[in-house]
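Laboratory data are not the source of any read-out in this text; all were calculated from the coordinates shown. Quick caveat, the model's predicted, so the values are computed rather than measured. In this analysis, Cβ positions are derived from the backbone assuming ideal geometry, glycine residues included, and neighbour counts consider all displayed protein chains.
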Amino acid sequence: MSPSDSTLTSPPGPAEPVALGVDPQSLVKLRALQSEYGDVVAVKSPKGRQGLFINQPDLIHRLLVKHHDKFNKGPGFERVKMLLGNGLIVSDGTTWRRSRRMIQPAFSRKQLHKLIDMMHKCCLNRVERWERLAQSQEQTVDVTREMNDAGLELILRAIFGDDYDNSIVTDGKNPFAFLSEDATRDLRVVLQVRELRSLILKVIEQRRTQPSSSDYDFLTMLMGQTDKEGVGFNDKELLDEIITLTVAGYETSAGTLNWAWHLIATHPEVESQLLSEFEEKIEPDAELDSNLLATLSYMQQVLDETLRLYPPVWLFTRRAVTAFTLDDLAIGEDTDIYISPLVLHTTEAHWPNARDFDPERYAPDKTHQVGLSLPFSLGPRRCLGEYFSFLEMKLMLATLLPRFKLRPQSDTRPECELGINLRSSDAIHLNITPRAT
Ligand code: HEM
């Protein structure tokens, strides 16, 4: 039963319009709105559209989980659409439901465990590079660049399997490399991504005539799925989903690892606890399989805390497709909802000493209110790659940290750059030395 109109309250908010988007000024505005008006704020866009900025964990949880079907993706996703086409991140309604059902099997734990050997090889490639860097005169590693390159290679191998070496990389050149080299997501990058489409299409055509022998890569999985009518993805759909997985799959994990290296390098007490955990749980030369990775609980805490402080998807939106009420809150049709994991995770009332890096917040005996940690969103549109990204991030740290000691080059705290994703505004360079074996 919904409350009568007289019991509905209108959240407080500024009378003047507020323009919100994935830009640094919006973070300043959202923080100011939260401190002036609280955790549910009514905002009007410059075009007169009604919006709500919601920073209340329980309400966020209910909107994204129980009431997810009353929303489509909201403002800002048009920009993402230019890059990703109508792939899983941006699609809505029946198109999204069909795609999600068809892509989900590729992300089952059983299926993802088949990727661990490949992932580990990508991490071991970094060991060779880092040994050279540690022995060089500069003894410096650009972890931003390293994590971007490693993350891109890893996701492309996960998508294309053997075709990564056979058809994607030619003469040692990776045509996707501009994605990790160019941090902007402007029109130039959109056009470069469009050029990749013909290359991906060529691989798809080859696969249609001669299926791949590997049973693990995402392309094989996606091409093998059909919907309830027995219809598979057509070429355009496959292209959009492949581009989506490429972009969604490397930037976010690579960005998180970038911050994790910075935080570990600047918190030696956290580093020694991680090293003790490795020593206790990983025998020298042990195979890093899923069971072993699952035992690295302190590393999980470190990654959770990194994602709290630096959630790559720092702001996302929804638009109500229908009017409804939630307790005493009326949400009109077409209302835009703004949710910022970054603001939520750094609000003092929710997280005391919110700016401090403290993995103990996620210790196994601590429980958190639902909706308080939001790096992967919640509900049916929660990130599909969450488990994949933890496998990748744990493998990267477990392979490199016992071999190399990283330390900051100065006391300067890296700044955040806020675009579609949160990144470090400059590359993070750290001093690197080999650990005594
Ligand atoms: C640290 C790593 C990652 C973070 C923090 C992250 C975060 C997110 C968030 C917040 C969303 C939901 C956005 C919204 O609701 O508007 C999302 C969706 C998605 N992510 Fe991730 N992501 C990560 C890694 C990955 C990886 C590795 C992949 C693929 C290999 C991936 C694939 C996707 C896809 C396909 C969706 C759309 C799901 C749907 O709408 O059904 N993500 N991600």
Using 11 Å as the cut-off for backbone N distance, which residues of segment 193-213 belong to the label zone defined by a point 7 Å from the Cα of Ser167 along Cα→Cβ? 199-213
When the convex hull of the C-alpha atoms of segment 5-434 is computed, what volume per residue in Å³ does it have? 156
Would you compute, from DSSP H runs of 4+ residues alone, the mean residue ellipticity of the chain at 222 nm, taking -39500 (n - 2.57) per run and dividing by the full residue count, rounded to the nearest 500? -14000 deg cm²/dmol
Given labels modelled 7 Å from the Cα in the Cβ direction, how far is it in nm from Thr433 to Glu279? 1.8
Test of understanding: extend the Cα→C-beta vector of Tyr387 to 7 Å, then name every residue of segment 62-106 with backbone N under 13 Å from that spot. 104-106
What lysines sit close enough to Lys73 to cross-link, taking a C-alpha to C-alpha distance under 25 Å and skipping anything fewer than 8 places away on the same chain? Lys29, Lys44, Lys47, Lys81, Lys228, Lys236
I'd like the distance between the alpha-carbon centres of segment 382-437 and segment 324-350, rounded to an integer number of Å. 31
Would you compute, for the Cα atoms of segment 339-437, the largest minus smallest coordinate along each principal axis and list the three values in descending order, in whole Å? 44, 30, 29
If the convex hull is drawn through the Cα atoms of segment 30-87, its volume per residue in Å³: 121
Report the net charge of residues surrounding Phe160, where surrounding means a beta-carbon distance below 12 angstrom and charges are Lys +1, Arg +1, Asp -1, Glu -1. -2
Give the distance, in whole Å, between the Cα centre of segment 196-223 and the Cα centre of segment 92-149. 19
Nearest 0.05, what FRET efficiency do Thr226 and Asp334 give at R0 = 35 Å with Cβ-Cβ as r? 0.50
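Quick one: if the Förster radius is 56 Å, what FRET efficiency do Lys121 and Val321 give, using the C-beta to C-beta distance and rounding to 0.05? Each step should come with its number before you reach the end.
Values: r = 45 Å, r/R0 = 0.80.
Working from the Cβ atoms, E equals 0.80.
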How much length is gained on full extension from Ser272 to Thr9, taking 0.36 nm per residue of separation minus their Cα-Cα distance? 89.6 nm
Can you tell me how much longer the chain between Glu36 and Arg355 gets when fully stretched, taken as 0.36 nm per residue apart minus their C-alpha distance, in nm with one decimal? 112.9 nm
For Cys416, the residues 5 or more places away or on another chain with a placed amide H closer than 5 Å to its own amide H are Ser425
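Sum up the charges of everything whose Cβ sits under 12 Å from the Cβ of Phe316, counting Lys and Arg as +1 and Asp and Glu as -1, but leave Phe316 out.
+4
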Net lengthening on full extension, Glu16/Arg101 (0.36 nm per residue, minus Cα-Cα): 26.3 nm
Taking amide H positions as placed 1.01 Å from N in the peptide plane, with prolines and chain starts having none, which residues 5 or more places from Lys405, or on another chain, fall under 5 Å of its amide H? Thr433, Arg435
